[in-house]
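Accompanying notes for the structure given below.
The values are calculated or read from the model by the stated rules, or taken from the named source; none is laboratory data. These numbers come from a predicted model, not from an experiment. No Cβ is skipped: glycine too gets one built from the backbone with ideal geometry, and neighbour counts run over all protein chains shown. For accessibility, only protein heavy atoms count, side chains too; no ligands or nucleic acids. Shrake-Rupley method; radii C 1.70, N 1.55, O 1.52, S 1.80 Å.
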Amino acid sequence: VSPDEEGICSGKYFTEAGLVGLLEQAAASFSMAGMYEAVNEVYKVLIPIHEANRDAKKLSTIHGKLQEAFSKIVHQDGKRMFGTYFRVGFYGTKFGDLDEQEFVYKEPAITKLAEISHRLEGFYGERFGEDVLEVIKDSNPVDKCKLDSNKAYIQITYVEPYFDTYEMKDRITYFDKNYNLRRFMYCTPFTLDGRAHGELHEQFKRKTILTTSHAFPYIKTRINVIHKEEIILTPIEVAIEDMQKKTQELAFATHQDPADPKMLQMVLQGSVGTTVNQGPLEVAQVFLSEIPNDPKLFRHHNKLRLCFKDFTKR
């Protein structure tokens, strides 16, 4: 829509009826996308217009649609799927402007890594030739010096939405956790001698947090990464996170309604089964058998003990 000479916008959308039409379309689209919470937000703008026009017919239709939207939220609780996210990095001069750029891609729910990998391989393989394109299989930081300059490299990593602790008090429902997302995280395990996995006492973890230039859901299904920060977890911090995760799983499995014995059995086997030597017992023996010499570790030591206290209570 372009303003004409006098700078006044004309056109059928620049009328009250035009605005109402656009908002109705928006509400219908949100409804199709399963974003019923957003339908409510759109109608909050529409209702006062119809109220001012004393249009009871339109108001009755809107309230009917609102009832539909809210009852869908109630009935589909836990069954709604919003999207899966992947970080894709492009490396190599063949990509031109894209070289060294990273994006977060939003894919339909439950897209497997293999699916997006296959699709991008096919797409860029056709453009550059399949022998030129190479997919980097790990999520370690890419060292440009080690790459072949005649090839094009793509690195794909599954990422999850990331929230700070303070955000979690506002993001309560499943919809809240999948809407207006700008930060994503992936973890890379590593040891100081270069292997990915090692014994408990040498297992570090790198958490990479990406910030995109816009929030998902967006008009485009991929958005540029504009900021990247890394947090390195020491072995005892990795153990604390694992214990917290196990405790959460136990809490979830014991409070499920209706109760699910299979789920509970799986969680119990994972947390107390002795077949896997990386279980809680091993964690306790490695990190809690003696008080650490380094006073910096006291806080972590105590935190891990509290995790175990919580865990045994569960």
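Tabulated values for the structure
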quantity: Estimated distance in nm for a label pair at Thr165 and Val135, the labels positioned 7 Å out from Cα along Cα-to-Cβ; calculated: 3.8 nm
quantity: Dimensionless Rg ratio for the chain, taking C-alpha atoms and the 2.2 N^0.38 Å reference; calculated: 1.31
quantity: Average accessible area per residue (Å²) across the chain - probe 1.4 Å, nucleic acids and ligands excluded; calculated: 64 Å²
quantity: Nearest-0.05 FRET efficiency for Lys112 and Cys145, computed from C-beta distance (R0 30 Å); calculated: 0.40
quantity: Given charges at beta-carbon only (K, R positive; D, E negative), |dipole| of the range 12-92 in Debye; calculated: 160 debye
quantity: Given charges at Cβ of Lys, Arg, Asp, Glu: the range 1-122 dipole, positive-most of Val74, Met35, Leu19; calculated: Val74
quantity: Residue among Thr165, Met263, Phe184 farthest towards the positive dipole end of the chain, charges placed on Cβ; calculated: Met263
quantity: Longest segment of the chain lacking GluC sites (Glu not before Pro) that sit in a DSSP loop with at most 13 other Cβ atoms within 10 Å; calculated: 7-99
quantity: Percent accessible area from carbon and sulfur atoms, the range 84-233, protein chains only, probe 1.4 Å; calculated: 52 percent
quantity: Cα-based shape type of the range 236-312, given that a ≥ b ≥ c are square roots of the gyration tensor eigenvalues and the cut on a/c is 1.5; calculated: prolate
quantity: The chain, dipole about Cα centre (Lys/Arg Cβ +1, Asp/Glu Cβ -1), debye to the nearest 20; calculated: 820 debye
quantity: Nitroxide proxy distance, nm - points 7 Å out along Cα→Cβ at Ile232 and Ala52; calculated: 6.0 nm
quantity: Estimated Rh, the range 68-192: Kirkwood, alpha-carbon pairs, angstrom; calculated: 16.8 Å
quantity: Calculated FRET efficiency for the pair His197/Asp294, C-beta based, R₀ 30 Å, to 0.05; calculated: 0.80
quantity: For the range 16-76, the fraction of alpha-carbon pairs in successive 5 Å shells from zero, as %; calculated: 4, 19, 30, 25, 13, 6, 2
quantity: Choice from Gln203, Gln265, Gln244 with maximal GNM fluctuation in the chain (Cα, 10 Å cutoff); calculated: Gln265
quantity: The chain: calculated mean residue ellipticity at 222 nm from DSSP helix runs of at least 4, using -39500 (n - 2.57); calculated: -13500 deg cm²/dmol
quantity: Bridge type composition, the chain - antiparallel percent by DSSP, nearest 5; calculated: 90 percent
quantity: Cβ charges +1 (Lys, Arg) and -1 (Asp, Glu), total dipole of the range 236-312, debye; calculated: 160 debye
